[in-house]
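Here the structure is laid out as structure tokens; the discussion comes afterwards.
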Amino acid sequence: MKKWHYPFLAFLIIGSYFVLTESRRESGVTGGKMEYRKASGLVFGTSYNVTYLADHDLEPELLAAMNCVDSALSMFNPASTISKVNMAHDTITVTDSMFLEVMRLAMKVSDLTHGAFDITVAPAVNAWGFGFKNSVPISQNTVDSLREIVGYSKIHERNGLIVKDDNRIMLDCSAIAKGYGSDMAARALRENGCSNFMVEIGGEVVVSGFNPHGTPWNIGISKPVDDTLSANNDIDTIICITDIGMATSGNYRNFYIKDGRKVAHTIDPFTCTPVSHSLLSATVLAPTCAYADALATSMMVMGLDSARALVPRLPGVRAFLIFEDSDGTMRTEEVPER
């Protein structure tokens with residue numbers, strides 16, 4: 001080998017080292033063992049479970065993302081952005097990007113569902129005992145008073161300025177927050193180089209890439225059996241999915257019995273009373289989990305026939321509807337993407 005070859009060879013070796021190092025850094029491989037890892041715990045008053053492929057522990061990043069969502073959307077945290085909005089008299093300026101993103105998505109879904117989804121339903125949710133304040137005795141006068149201050153058209157947002165038509169208006173984002181939290185946890189994983197993962201927060205799921213077996217993720221849809229203790233884990237349907245958000249809404253775990261009647265947590269924003277119909281649960285698959293979460297709640301408000309009609313109007317959305325047939329039989333119907 002000629003002498004001038006040596007510095008050229010050294011240049012190639014050093015250059016290759018830096019190229020490979022940068023490539024490994026960008027792909028998230030920093031020298032540790034690439035393996036599927038798990039993280040689990042409690043957040044938003046429920047549990048979270050995350051499985052992800054990475055070369056190091058990313059639970060601190062996951063917790064940071066979820067805590068930011070809690071600071072934006074928790075009605076139980078008096079320092080959260082939503083609490084400040086609820087306590088505001090008539091107008092307030094908000095700079096919290098997460099809160100604004102969720103509020104704008106909520107208003108979009110309200111428009112799409114003609115008001116079936118409505119985050120101003122908080123006073124009615126509280127009155128019936130499912131919210132962040134104590135319940136009140138319900139009478140027709142109570143319901144009439146609630147209807148005066150519930151309605152998504154009674155609150156407005158533009159460039160962060162939020163204006164209430166009535167100072168009693170309060171927001172409840174619990175029907176979208178878990179889905180959004182799952183999206184933000186997924187975002188944190190992607191920002192750290194992960195492309196194969198499953199995030200689940202309180203039953204709301206985001207999946208990407210492949211599971212440890214190298215196939216899309218198998219996710220179960222629970223059978224909607226009345227179970228306030230969440231002790232029943234029977235699965236109605238298992239679906240194989242990836243690169244999508246999934247959320248389920250139902251009235252089989254959050255309800256109480258009063259005077260022999262089941263009082264469900266899904267409140268119809270039009271009547272300000274709990275819904276009662278044959279649709280037992282709605283599972284929605286959509287591009288984001290927050291979108292799926294809001295749509296699933298909308299369908300539980302709308303009922304079976306309207307839910308069936310809604311799905312074909314929404315690109316990238318499909319649904320599994322579990323309902324009680326006229327003969328009392330529980331049935332599952334898949335409404336495909338258009």
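Mind checking whether some residue in the range 289-298 is among the charged types (D, E, K, R), assigned to a helix (DSSP H, G or I), in contact with a helix residue (DSSP H, G or I) (Cβ under 9 Å, 6 or more places away or on another chain) and closer than 16 Å to Ile176 by Cβ? Walk me through it before giving the result.
First, the residues of the range 289-298 that are among the charged types (D, E, K, R): 293.
Remaining after also requiring assigned to a helix (DSSP H, G or I): 293.
Narrowing the set further to residues that are in contact with a helix residue (DSSP H, G or I) (Cβ under 9 Å, 6 or more places away or on another chain) leaves 293.
Filter once more, keeping what is closer than 16 Å to Ile176 by Cβ: 293.
Yes, that holds for at least one residue.
For Val163, the conditions (1) touching a residue at least 40 places away in the same chain (Cβ under 8 Å); (2) closer than 29 Å to Phe320 by Cβ; (3) in contact with a strand residue (DSSP E or B) (Cβ under 9 Å, 6 or more places away or on another chain) are fulfilled apart from (2). Of all the residues in the range 89-110, those that are open to solvent by less than 60 Å² (accessible area, probe 1.4 Å) and modelled with pLDDT under 95 number 0.
Please go through the range 199-222 and pick out each residue that is under 14 Å from the mean Cα position of the chain (by Cα) and open to solvent by less than 30 Å² (accessible area, probe 1.4 Å). Those that are under 14 Å from the mean Cα position of the chain (by Cα) and open to solvent by less than 30 Å² (accessible area, probe 1.4 Å): Val199, Ile201, Gly202, Glu204, Val205, Val206, Val207.
Within the range 300-320, can one find any residue that is touching an Asp or Glu at 6+ places or on another chain (Cβ under 8 Å), touching a residue at least 24 places away in the same chain (Cβ under 8 Å), aliphatic (A, V, I, L, M) and part of a helix (DSSP H, G or I)? If you could, list the steps in order and put the result at the bottom.
Our first condition is that a residue be touching an Asp or Glu at 6+ places or on another chain (Cβ under 8 Å); within the range 300-320, this holds for 301, 308, 311, 315-320.
From what is left, the residues that are touching a residue at least 24 places away in the same chain (Cβ under 8 Å) are 301, 308, 311, 316-320.
Okay, now just the ones that are also aliphatic (A, V, I, L, M), so 301, 311, 317, 319.
Pick out the ones that are also part of a helix (DSSP H, G or I) and you get 301, 311.
Within the range 300-320, one or more residues are touching an Asp or Glu at 6+ places or on another chain (Cβ under 8 Å), touching a residue at least 24 places away in the same chain (Cβ under 8 Å), aliphatic (A, V, I, L, M) and part of a helix (DSSP H, G or I).
One line per residue, one yes/no per condition, for (1) within 25 Å of Lys154 (Cα to Cα); (2) crowded, with 24+ Cβ neighbours inside 10 Å; (3) of a type in the set (Gly, Ala, Ser):
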{"site": "Thr271", "(1), (2), (3)": "yes, no, no"}
{"site": "Val275", "(1), (2), (3)": "yes, no, no"}
{"site": "Ser278", "(1), (2), (3)": "no, no, yes"}
{"site": "Ala292", "(1), (2), (3)": "yes, yes, yes"}
{"site": "Met299", "(1), (2), (3)": "yes, yes, no"}
{"site": "Gly303", "(1), (2), (3)": "yes, no, yes"}
{"site": "Arg308", "(1), (2), (3)": "no, no, no"}
{"site": "Pro315", "(1), (2), (3)": "no, no, no"}
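Scanning the range 174-191 for residues that are touching a strand residue (DSSP E or B) at 6+ places or on another chain (Cβ under 7 Å) and either open to solvent by 30 Å² or more (accessible area, probe 1.4 Å) or not in a helix (DSSP H, G or I) (or both) yields a single hit, Lys178. Taken over the range 280-290, the criterion of being over 20 Å from Trp128 (Cβ atoms) and open to solvent by 40 Å² or more (accessible area, probe 1.4 Å) is satisfied by Pro287, Thr288. Between a first residue in the range 70-88 that is within 15 Å of Lys178 (Cα to Cα) and open to solvent by 50 Å² or more (accessible area, probe 1.4 Å) and a second residue that is assigned to a loop (DSSP other than H, G, I, E, B) and among the polar types (S, T, N, Q), which pairs have beta carbons less than 8 Å apart while being 6 or more apart in sequence or on different chains? Taking only residues 6 or more apart or on different chains, the pairs are Ser71/Asn77; Ser71/Ser80. Taking Ser230, is it modelled with pLDDT under 95 and at positive phi? When the stated conditions are applied, Ser230 passes them. Here Met34 meets each of (1) open to solvent by 50 Å² or more (accessible area, probe 1.4 Å); (2) within 26 Å of the chain's Cα centre (by Cα); (3) more than 26 Å from Val317 (Cα to Cα); (4) at pLDDT 95 or above with one exception, condition (2).
Given the criteria of a type in the set (A, V, I, L, M, F, W, C), over 30 Å from Gln140 (Cα atoms) and open to solvent by 40 Å² or more (accessible area, probe 1.4 Å), does Ile244 qualify? Working first, answer last.
On the way: of a type in the set (A, V, I, L, M, F, W, C): yes; over 30 Å from Gln140 (Cα atoms): yes; open to solvent by 40 Å² or more (accessible area, probe 1.4 Å): no.
For Ile244, the condition - of a type in the set (A, V, I, L, M, F, W, C), over 30 Å from Gln140 (Cα atoms) and open to solvent by 40 Å² or more (accessible area, probe 1.4 Å) - is not met.
I want to confirm something. Restricting to the range 159-173 and keeping residues that are over 23 Å from the mean Cα position of the chain (by Cα) and farther than 23 Å from Ser145 by Cβ, which single residue is least open to solvent (accessible area, probe 1.4 Å)? Out of the qualifying residues, it is Leu161. Looking at (1) more than 16 Å from Gly160 (Cα to Cα); (2) surrounded by 15 or more Cβ atoms within 10 Å (Cβ to Cβ), which is the one condition that is false for Asp57? Every condition holds for Asp57 apart from (2).
The values are calculated or read from the model by the stated rules, or taken from the named source; none is laboratory data. Worth saying up front: this structure is predicted, and the values here are computed from it rather than measured. In this analysis, Cβ positions are derived from the backbone assuming ideal geometry, glycine residues included, and neighbour counts consider all displayed protein chains. Side chains included, ligands, DNA and RNA excluded: accessible areas come from the protein's heavy atoms. Shrake-Rupley method; radii C 1.70, N 1.55, O 1.52, S 1.80 Å.
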